[in-house]
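Each remark here refers to the structure printed beneath this line.
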Amino acid sequence: MTLEIKNELGSIDIAIDVIANIAGEAVVESYGVVGMASRHQVRDGFAELLGKENYSRGVVVENNDGLLDVDLYIIVGYGVKISEVANNVQTSVKYRLEKTFGLTINTINIHVQGVRMINTDE
């Protein structure tokens, strides 16, 4: 599925997976986020951390007549204020998508799939 942007020079088709990858990169760069989670949780309740190549599996993008609705599935660090992390993620993803693609964002929904200890060995 693609999103079509028209301008005076022609049209541009952007794959939804590209939008999802850009959103996923903005998420993992946010403070308090350990990683992206799959939108389909494992049966035993443990959320799977996604690697860099799979960010789009933790992002759902829907196009509603030029307005984007984005659902993000994240894992946050233990001890952080979840509401602040979610607010920061929403702000950074909205900024990144609007500046990169010139798109209008309708909603950004955050789904916290788990809490993990932040690795401080790095």
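The values are calculated or read from the model by the stated rules, or taken from the named source; none is laboratory data. Predicted model only: the values in this text are computed from it and were never measured. Cβ: placed from backbone, ideal geometry, glycine included. Neighbour counts: every protein chain shown. Note: areas computed on protein heavy atoms with side chains; ligands, DNA, RNA excluded. Shrake-Rupley method; radii C 1.70, N 1.55, O 1.52, S 1.80 Å.
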Hey, residue 80 assigned to a loop (DSSP other than H, G, I, E, B) and either closer than 17 Å to residue 29 by Cα or of a type outside the set (Lys, Arg) (or both) or not: yes
Where a residue in region 95-122 is modelled with pLDDT of 85 or more and its partner, wherever it lies, is polar (S, T, N, Q) and surrounded by fewer than 14 Cβ atoms within 10 Å (Cβ to Cβ), with Cβ under 7 Å and at least six apart: 106/64
Count - residues of region 83-122 that are part of a helix (DSSP H, G or I), open to solvent by less than 80 Å² (accessible area, probe 1.4 Å) and within 12 Å of residue 30 (Cβ to Cβ): 9
Some residue of region 34-42 being part of a strand (DSSP E or B) and modelled with pLDDT of 90 or more: no
Tabulated pairs, region 5-21, first under 28 Å from residue 74 (Cα atoms), second open to solvent by less than 70 Å² (accessible area, probe 1.4 Å) and in a strand (DSSP E or B), C-beta under 6 angstrom, 6+ apart or interchain: 14/3; 16/61; 19/61; 20/59; 20/61
Any hit, region 54-68, residues being in contact with a strand residue (DSSP E or B) (Cβ under 6 Å, 6 or more places away or on another chain), farther than 25 Å from residue 117 by Cα, at pLDDT below 90 and not in a strand (DSSP E or B): no
Filter result for residue 18 (at pLDDT 90 or above, touching a strand residue (DSSP E or B) at 6+ places or on another chain (Cβ under 6 Å) and β-branched (Val, Ile, Thr)): no
